[in-house]
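Let me begin by presenting the structure, written as structure tokens, before commenting on it.
The values are calculated or read from the model by the stated rules, or taken from the named source; none is laboratory data. Model, not experiment: these values are computed from the prediction. Cβ sites come from the backbone with ideal geometry, for glycine too, and all protein chains shown count toward neighbours. Note: accessible area is taken over every heavy atom of the protein model, side chains too, but ligands, DNA and RNA are not part of it. Shrake-Rupley method; radii C 1.70, N 1.55, O 1.52, S 1.80 Å.
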Amino acid sequence: MESLTAAHIVQIWELGQGQHPLDRVLTCLAFALPDQPLDILASLSIGRRDGYLLTLRELTFGPTLDSVATCPSCQETLEFALKVGDIRTGDPSVPLVDPVEWETDGIRLKFRLPNSLDLAATVGLGDSAAARQQLLERCVLAASQGDQPIAVGNLASSVLAQVEGAIAAADPQADITLDLTCPACGHNWQVAFDIGAFLWAEITAYAQRLLLDTHQLARVYGWAEADILAMSNQRRQYYLGLVG
Ligand SMILES: [Zn+2]
């Protein structure tokens with residue numbers, strides 16, 4: 001994997017403006033893994049995708065993720081730093097077991113891990129129960145009790161809930177939950193951490209900063225945008241200091 005260059009970051013931000021969040025993170029990975037076709041990236045499990053996004057974030061912006069949350073009890077703003085290593089659940093180079101064979105209460109199931117295409121298929125199903133059903137119907141490859149096959153739609157809701165738990169256990173990087181405590185009131189709560197949204201917010205802020213810097217240097221020196229973006233950050237910042 002390659003870190004994102006300044007020119008990549010501006011291009012990703014530009015492309016991502018009109019994209020769904022699911023596609024934006026694939027755009028980031030397409031720049032970082034230029035040898036991988038987009039359909040291969042889209043078929044990565046969500047946990048594996050997020051593992052790559054964490055690596056990309058570390059390569060591009062470093063290992064510390066400065067985060068902010070609002071206490072739901074007293075509305076205090078909580079600032080905290082996460083390390084990539086703190087939220088990494090395993091070695092991303094170790095292959096995941098996929099599909100997974102699983103058995104409960106005499107029911108045998110074979111399921112694969114949800115990927116970006118599966119999540120995309122649930123977009124627009126506003127009703128979360130419908131989205132959940134759609135995801136399971138796509139990912140459960142076979143279900144049977146004894147010799148009798150069972151349709152996913154006929155599985156008991158208790159079994160489906162267990163399948164969801166088994167999917168989460170098989171792809172733990174897909175579901176990162178932070179345990180936070182408010183320093184002002186002591187309230188404790190959990191919040192999901194989404195590396196895709198986090199990285200996109202950083203790319204947006206950095207791309208806009210790069211364009212502003214480019215604008216200032218181009219106006220004074222008349223240099224081409226591509227040349228300014230191709231400079232090291234140190235050199236660009238030095239010229240900006242001279243411009244004042
Ligand atoms: Zn609080």
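Those strands (runs of 3 or more DSSP E) of region 128-193 in which 2 or more residues are touching a residue at least 12 places away in the same chain (Cβ under 8 Å), more than 30 Å from residue 77 (Cβ to Cβ) and of a type in the set (Gly, Ala, Ser) occupy 140-145. Here residue 214 meets each of (1) without any contact (Cβ under 8 Å) to a residue 60 or more places away in the chain; (2) under 24 Å from the mean Cα position of the chain (by Cα); (3) assigned to a helix (DSSP H, G or I) with one exception, condition (2). Kindly indicate whether residue 118 is open to solvent by less than 70 Å² (accessible area, probe 1.4 Å), in contact with an Asp or Glu (Cβ under 9 Å, 6 or more places away or on another chain) and of a type in the set (Asp, Glu). Against the criterion (open to solvent by less than 70 Å² (accessible area, probe 1.4 Å), in contact with an Asp or Glu (Cβ under 9 Å, 6 or more places away or on another chain) and of a type in the set (Asp, Glu)), residue 118 does not qualify.
Quick one: count up the residues across region 1-25 that are among the acidic types (Asp, Glu) and under 20 Å from residue 233 (Cβ atoms).
The total comes to 2.
Do we have any residue at all in region 66-75 that's away from the ligand (no atom under 16 Å from the Cβ) and free of Cβ contacts under 8 Å to residues at least 24 places away in the same chain? The answer is yes; a qualifying residue exists. Of the residues 125, 199, the single one that is within 30 Å of residue 16 (Cβ to Cβ), open to solvent by less than 70 Å² (accessible area, probe 1.4 Å) and touching a residue at least 40 places away in the same chain (Cβ under 8 Å) is 199. Of all the listed residues (219, 236), the sole one being open to solvent by less than 50 Å² (accessible area, probe 1.4 Å) and at pLDDT 95 or above is 236.
In region 170-198, what residues are in contact with a strand residue (DSSP E or B) (Cβ under 9 Å, 6 or more places away or on another chain) and aliphatic (A, V, I, L, M)?
Correct list: 170, 174, 176, 178, 180, 184, 191, 192, 195.
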